[in-house]
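Worksheet for the structure shown next.
Bear in mind that the values in this text are calculations on the coordinates, not laboratory data. Keep in mind the model is a prediction, meaning the values are calculated, not measured. All Cβ positions, glycine included, derive from the backbone under ideal geometry; neighbour counts span all protein chains shown.
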Number of protein chains: 2
Amino acid sequence: MRDVARAVEMSPMTVSRALRGDETVNEKTRDRIRRVAADLGYVYDSTAQAFRTQKSGFVAVVLPSINNANFAETFRGLSDALTGSGVQLLLGSTNYRLEKEEELVGQLLTRNPEAIVLTGGHHTDVTRKLLENAKIPVIEIWDLPPDPVGHVVGFSNADAMSLIVQHLVRQGRRKLAFVGAAAGSDMRGVARRDGVIAAATALDLTQVAQIDAGPAPVSMRHGAEVVVKLGPAIATYDALVCVSDPVAFGVLNECRRLGIKIPDDVAITGFGHFEIAAVSSPRLTTAGVHANKIGRKVAGVLQDIFAGETSAQWIDVGSELVLGETS
Amino acid sequence: MRDVARAVEMSPMTVSRALRGDETVNEKTRDRIRRVAADLGYVYDSTAQAFRTQKSGFVAVVLPSINNANFAETFRGLSDALTGSGVQLLLGSTNYRLEKEEELVGQLLTRNPEAIVLTGGHHTDVTRKLLENAKIPVIEIWDLPPDPVGHVVGFSNADAMSLIVQHLVRQGRRKLAFVGAAAGSDMRGVARRDGVIAAATALDLTQVAQIDAGPAPVSMRHGAEVVVKLGPAIATYDALVCVSDPVAFGVLNECRRLGIKIPDDVAITGFGHFEIAAVSSPRLTTAGVHANKIGRKVAGVLQDIFAGETSAQWIDVGSELVLGETS
DNA sequence: TTGAAAGCGATACCAA
DNA sequence: TTGGTATCGCTTTCAA
C-alpha cells in the first residue's frame, strides 16, 4: 500500500480509503489509485485487515461430511447466498465424530471467525465451553436441539420419521425394521431411529427391529450388504425404514435382485430426498428435507447478525413426506 | 498472551514459545503455562501469527462444485491427508464458470494462501496473471493442461473417453452419440466430448451425434429428460456415451421405462465411477477416475512444497475402464 | 532458559 | 478531502 501511495504521490491512508471505496476520497483520485494499484499488481492483504480490525471476514462451518449431497447442498446454499457479501467460509468436516468436532472447533476459533455454524445439537462438553467462551454467534443446523447454544436452523429428524411411520401404518404395515448405523456414531441417525421407535410405540406396533448397517457414514453399499446378509428373510418385515436414501436405494436394488417385490412384499423408505430417490425406479418414498433452504436461512441469520440483530433465532424448516413407489 | 504471561509471572515471549511447544522453554514451565492458558480460556490468535510470520496456514482450493461426489471426494482426500498438518483449506466453488473462478481467485489470494489448487487447466487471462504474480505454488487438478501454471495432479479426460469408445467398438458398436452439456460451459465435459470424437475418428466411425443435456452441471434429471425428449428413437444409436455417471443413470432409467433393452438395444456408458455406477442395476460401464487419490496426491505435493521442494510436479493418476452391464 | 525491542500491513482516530 | 500517529497480537532477532 505504501508502494501504491508513493506511485500516486499520496499517503497510504488515502490509498487505503480509496481501495475500500470510501466516498470521502475524491472520485477521480479513487479511480486513479485503483488503476495504479492494479497496474502494480498490488494484492490487498486481508490478513492485515483482519488483524487490525479484529474482523476476520470468516464464518466457520462444521459439517459431518462434505461428501454427502445434502450437507454439500446446505453448504452450497449458504455459499451462494453469501456471494458478494465478502464473507469467506472456513469449512471443516468431522467424519461424524464429536471428538473431531472438538478439535476442529478449537482450530477454527483461532482464526477468529465472526460466527460458527455447526451441524447438529450434540457436542462434547469441551466444545460447548469453547463455543460459549468464544462470544461469537453460534448457529446449529440440521437439528432442533433441546438446549441450543445460540441460533438454530433445522428440523426434527424424529418428526420426519414419524411422518413416514404413520404413512406406513396407514397402509396396514405393522412389522417395521429400521436400517441404519449402530447407535452412537451419528446423532442424526440415532434421532431418526428414536423417532421411528417413538412413532411405532405411539401407534401400538410390535417392537421395531433394528438392522445395523455399520458405522456412519452408511451408504448404498451398506444398504445392499444388509440385504445380502439377511437374504430373502428380509421380506418377513412389512417395511424397511432406512436411515437415508442411499441406504434405501442399496436395500431396494438388492431386494429386487432377490426377486422380492417392492412394495408388495415389503415397503422401503429412505430419508433426505436425495436425487437418487426421485430417479430410482421405482421411486423411493422418503422424507424430504430442505438442505439448500437450511443453507440459505443460515445466510439470512448471518446477515441479520451482521446487521446488528442480537436475539437468537430458531428456524424450523420442517420436512415432508415424499411419496414414491416403494411403499 | 500478555494476560497469560502476567498470570504465570513470565514474559509474553516465553508464553509464546511455550504454547508453540518450543523445547528451549523449561518443560515444567511449558506445562504450567499451557495449563494456565487453558484455565484462562485463552484462545490463540492465528490471524496475528499469520500476520507476523507472513504465513497464513491456508491452502486455497477452487472446485467447480462442491455438490459433486467426485470433487467432494477429492476435497476429502486432500482434507484427510492434511489432517494434523496445521494447514486449513479455504474452499471456493465456481459453479463451472471461469468468470466466477477469476473473482474467487482474486478474493482468495488476498488471504495470502501458501498454495492454491485449481480444478482444470483452463482459466481466464486475468486469472492466469493473478496466479503468476502471486508467486505461490499453483496446483491444477482433474486435467492434464498442455501449458500448466505450476504443478499438475490429474488425468486425461480424452484418454479416458477413448478407452470407452474403443471398448464399444470392440463390441461392434459404431453409431455413437455423446450425451453431455453444450460446449463451453464445463471444460471437462468439452474435453470428454472431444475425446469421444477423436477416438471415433481414429476408428473410422460415422460421425458422433451430440445430444445436448443442458448447461453444466448436468445430472440424473438431465439424462432422463434427454431420453424423454427423443423417445424410442434414441435406440437407433448403438451406444449412448454420457459425460458422467449421473447423466448415464438418468438415461438408463428412462430407457428402461420406455422398454428399451440395455445393452441389447443400445449401450450406455458413464464417466466418473460414482457410487451410482456400482449399485445401479444393471451396473454402469464407466470410466474410473481416482478422485480421492487426486486429493491425496495434492496433499503429497503440498508437503513436498512445504518441505522445500521447488521443481514442478506432474502427476497423472490415470483412469480406467470399468466394465458394467450396460455395454 | 528467558526477556526486550522492533515490526509485519492495514485502519481508527484525530487533526488539518 | 487528505494525512500523521498509534496500534492490533504475535514472533524474529538479538542480548543476557
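Calculate for the protein assembly as shown the 222 nm mean residue ellipticity that helices alone would give, adding -39,500 (n - 2.57) per DSSP H run of length 4 or more and normalising by residue count, nearest 500 deg cm²/dmol.
Working: 26 runs with 294 residues, N = 654.
Taking each H run of at least 4 residues, the total per residue is -13500 deg cm²/dmol.
Put +1 on the Cβ of each Lys and Arg and -1 on the Cβ of each Asp and Glu in segment A:51-122; which of A:Leu98, A:Ser85, A:Asn68 then has its Cα farthest toward the positive end of the dipole?
It is A:Ser85.
Between A:Arg283 and A:Thr124, what FRET efficiency follows from the Cβ-Cβ distance if R0 is 51 Å, with the result rounded to 0.05? Display every interim value, and only then the final one.
Details: r = 39 Å, r/R0 = 0.77.
E(calc), rounded to 0.05, equals 0.80.
Can you check what the net charge comes to around B:Ala299, using other residues whose Cβ is under 15 Å from the Cβ of B:Ala299 (Lys, Arg +1; Asp, Glu -1)?
That works out to -1.
Would you please put B:141-150, B:6-15 in order of how densely packed they are, using the mean number of other Cβ atoms within 10 angstrom per residue and starting with the highest? Mind showing how you got there, number by number?
Working: B:141-150: 17.9, B:6-15: 15.5.
So the peptides B:141-150, B:6-15, ranked by packing, come out B:141-150, B:6-15.
Would you list, by chain and number, the aspartates and glutamates whose Cα falls below 13 Å from the Cα of A:Lys297, excluding same-chain residues fewer than 8 positions away?
A:Glu73, A:Asp80, A:Glu140, A:Asp316
How big is the antiparallel share of DSSP beta bridges in segment A:209-327, given as a percent to the nearest 5? Walk me through the intermediate numbers first.
Values: 4 of 8 bridges.
The antiparallel proportion sits near 50 percent.
To the nearest 20 debye, what charge dipole does the protein assembly as shown have about its Cα centre, counting +1 at the Cβ of each Lys and Arg and -1 at the Cβ of each Asp and Glu?
Charge dipole, the protein assembly as shown, about its Cα centre: 300 debye, nearest 20.
Please average, across the residues of B:91-98, the number of beta carbons from any other chain that are within 10 Å of each residue's own beta carbon, and give a whole number. Intermediate results must be reported in sequence, preceding the final value.
On the way: counts 8, 3, 6, 0, 4, 0, 0, 0.
Average neighbour count from other chains, rounded to a whole number: 3.
Within 10 Å of each Cβ of A:110-121, how many other protein chain Cβ atoms are there on average? Mind dumping the intermediate values first?
Working: counts 9, 9, 5, 0, 0, 0, 0, 0, 0, 0, 0, 0.
What the average comes to for A:110-121 is 2.
Output the peptides B:238-250, B:46-58 sorted from most to least packed, where packing is the average of other Cβ atoms within 10 Å over each peptide's residues.
Numbers: B:238-250: 29.2, B:46-58: 17.5.
Those peptides, ordered most packed to least, come out B:238-250, B:46-58.
Place a +1 charge on the Cβ of each Lys and Arg in segment B:2-45 and a -1 charge on the Cβ of each Asp and Glu, then give the dipole magnitude about the Cα centre in debye, rounded to the nearest 20. All intermediate terms of the calculation are to be shown ahead of the outcome.
Numbers: 9 positive and 8 negative charges, 10 e Å.
Using only the charged Cβ atoms, the result is roughly 40 debye.
5 Å is the cut-off here: which amide hydrogens, built 1.01 Å from N in the peptide plane, fall below it relative to A:Val179, excluding neighbours closer than 5 in sequence?
Answer set, sorted by chain and number: A:Ile211, A:Val241, A:Cys242, A:Val243.
Would you mind counting up the charge near B:Tyr96? Only other residues with Cβ under 10 Å from its Cβ, with Lys and Arg at +1 and Asp and Glu at -1. Show your work: numbers first, answer last.
Working: positive: B:Arg97, B:Lys100, B:Arg188; negative: B:Glu101, B:Asp186.
Taking every other residue near B:Tyr96 into account, the sum is +1.
Longer than 28 Å from Cα to Cα, which of A:Lys100/B:Lys100; A:Lys55/B:Lys55; A:Lys229/B:Lys293 are they? Say none if no pair is.
Values: A:Lys100/B:Lys100 32 Å; A:Lys55/B:Lys55 18 Å; A:Lys229/B:Lys293 31 Å.
Table pairs above 28 Å Cα-Cα are A:Lys100/B:Lys100; A:Lys229/B:Lys293.
Can you tally the net charge around A:Val243? Count Lys and Arg as +1, Asp and Glu as -1, for every other residue whose Cβ sits under 9 Å from the Cβ of A:Val243.
Working: positive: A:Arg188, A:Arg192, A:Arg193; negative: A:Asp186.
Its environment carries a net charge of +2.
Evaluate the distance, in nm, between pseudo-label points positioned 7 Å from the Cα of A:Asp45 and of A:Ala307 along their respective Cα→Cβ axes.
Spacing of the two 7 Å Cα→Cβ label points: 3.5 nm.
Multiply the residue separation of A:Arg256 and A:Glu99 by 0.36 nm, subtract the distance between their alpha-carbon atoms, and state the gained length in nm to one decimal.
52.6 nm
Charges at C-beta only: +1 for Lys and Arg, -1 for Asp and Glu. How large is the resulting dipole of segment B:166-321 about its Cα centre, in Debye rounded to 20?
Working: 16 positive and 15 negative charges, 71 e Å.
Magnitude of the dipole: close to 340 debye.
Taking the DSSP beta bridges in chain B as the whole, what percent of them are antiparallel, to the nearest 5?
Values: 4 of 36 bridges.
Within chain B, antiparallel bridges account for around 10 percent of the total.
What average number of partner chain Cβ atoms lie no more than 10 Å from the Cβ of the residues making up B:245-254?
Numbers: counts 0, 3, 0, 0, 4, 2, 0, 2, 4, 2.
For peptide B:245-254, the averaged partner shielding equals 2.
What lysines does A:Lys261 reach when the alpha-carbon gap must be under 17 Å and sequence neighbours fewer than 8 apart in one chain are set aside?
Leaving aside lysines fewer than 8 places away in the same chain, those within reach of A:Lys261 are A:Lys175.
In whole angstrom, note down how far apart the Cα centers of segment B:190-221 and segment B:79-143 are.
The two parts, judged by their Cα centres, are 28 Å apart.
Could you order the peptides A:289-296, B:200-207 from most to least packed, using the average number of other C-beta atoms within 10 Å per residue?
On the way: A:289-296: 22.2, B:200-207: 13.8.
In descending order of packing, they fall as A:289-296, B:200-207.
Search the structure for amide H atoms under 5 Å from the amide H of A:Leu144, placed 1.01 Å from N in the peptide plane, and list their residues when 5 or more places away or on another chain.
For A:Leu144, whose amide H was placed from the backbone, the distant partners under 5 Å are A:Phe155, A:Asn157.
Restricting to bridges with both residues inside the protein assembly as shown, how much of the DSSP beta-bridge set is antiparallel, in percent to the nearest 5? Intermediate values should be presented prior to the final figure.
Working: 9 of 73 bridges.
Restricted to the protein assembly as shown, the bridges split so that about 10 percent are antiparallel.
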